[in-house]
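Only one structure is covered here, and it is reproduced in the block below.
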Amino acid sequence: MIDSARAAGRIRIADLVSPGIAAIRPYEPGRPIDEVERELGIKGVIKLASNENPLGPSPRALEALSQELGKLSLYPDGACYYLRRALAAQLKVEEVEIALGNGSNELLDLLVRAFCTPEHEVLAPSHTFVCYRLAAQMHGVGYREIPRGPDFSYSVDAFLAAVTPRTRILFLANPDNPTGVYLGEAELLRLVRELPPQVILAVDEAYREYVRAPDYADLLARRCERELLVLLRTFSKIYGLAGVRCGYAIAPREVVSYLDRVRNPFNVSMPAQVAARAAIGDTAHVERSQRLNAAGMAQLQAGLERLGVRYIPSQANFLLIDVAPREGQEVFLALLRRAVIVRPLGGYRLPHHLRVTVGTAEENHQFLTELEAVLG
Ligand code: PMP
């Protein structure tokens, strides 16, 4: 029936979606190793494209998961009781101040879904993590970018100047993806205090465990300074659990109660709950990952300096590098053919940049060797 109507030209699927949905450019994830090996018929591909942990998952998480796999026929605990309790104890917050999500990605989407209407707008710095924009677009909410200072630096004055009566959420990745820049404590606290009180300040701390800057703010300890402060965190990075999809928000209990209303009933899988809960206690894995990242970051920086390739100093587990005058996409493809996957950033309107994740010492070496060959 529909097919015949379509054949007769009466239904245009594009007419069935809102202009906002039609305008969405889907998220482009890093290319998976298997896919690249299949496509190019090569082996030994390394992936430095999705800011994953090169040490793999927390061994404690793997052990806990293996014990629970027999329960895969059961629905997970929709309230994430044990994980919530473990997080609350670790963070010294109330259990009702934690919202759990299918990755922190889901939580930023839920924030927009719960708190924004088409009359509102979402703000975020230019060139930042694209999922903030996607979340706004998906819900028909306006999205406005805030300009940055030199070398992609954040400017609190620019944030404050951007706010209008329509502004409902300001997303701030700290440190930022894909630039790796961060906002130091003094300026961040100024933002916490001076941002108008009706704006939700959502600080995305996905990479917080990698930060080495001494003036990185512990916002958890500063929650009393602002009511509408939401911290977003994830198990995908330092805990090495990107595959299970688990993230959380720390927020006022009432905010959490609204996020709860708009989420799907079983949004966090059983493996995610089990692995995340075990990973929290695995401080040895976190410390190993931090040490590996610090050493790898130094190795990459030294190598890039030797090659004369400009990069933005980063507090995270990746580096934004500038391959101008070459096109990022072209260098990305050349590296791909040499078995190294990095991230091109055309979608971030950074056509001459690439983002490279810090890998193991061998992976970093391989990347630098191939980059040198590609840049000639
Ligand atoms: N925030 C930032 C800044 C990120 O870079 C990412 C992952 N790329 C996420 C959130 C989402 O992470 P996840 O959904 O895996 O928790």
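Only the coordinates and a few stated rules stand behind these numbers; no lab work does. Since we're looking at a predicted model, the values are computed, not measured. Here the Cβ is made from the backbone with ideal geometry for all residues, glycine too, and neighbour counts use every protein chain on show.
Among the numbered conditions (1) of a type in the set (D, E, K, R); (2) closer than 12 Å to Thr128 by Cα; (3) surrounded by 18 or more Cβ atoms within 10 Å (Cβ to Cβ), tell me where Arg208 comes up short.
(2)
In this structure, does Glu106 turn out to be crowded, with 20+ Cβ neighbours inside 10 Å, under 30 Å from Val122 (Cα atoms) and in contact (Cβ under 8 Å) with a residue 12 or more places away in the chain?
yes
Among the residues of region 182-218, how many are within 17 Å of Lys237 (Cβ to Cβ) and within 16 Å of the ligand (Cβ to nearest atom)?
Residues in region 182-218 being within 17 Å of Lys237 (Cβ to Cβ) and within 16 Å of the ligand (Cβ to nearest atom): 11 in total.
Please give the number of the condition Ile238 fails out of (1) touching an Asp or Glu at 6+ places or on another chain (Cβ under 7 Å); (2) outside any loop (DSSP other than H, G, I, E, B); (3) within 14 Å of the ligand (Cβ to nearest atom); (4) not small (Gly, Ala, Ser).
For Ile238, the failing item is (2).
Of all the residues that make up region 180-212, how many are touching a helix residue (DSSP H, G or I) at 6+ places or on another chain (Cβ under 9 Å) and among the small types (Gly, Ala, Ser)?
3
Go through (1) more than 10 Å from the ligand (Cβ to nearest atom); (2) surrounded by fewer than 16 Cβ atoms within 10 Å (Cβ to Cβ) for Ser269 and report which single condition fails.
(2)
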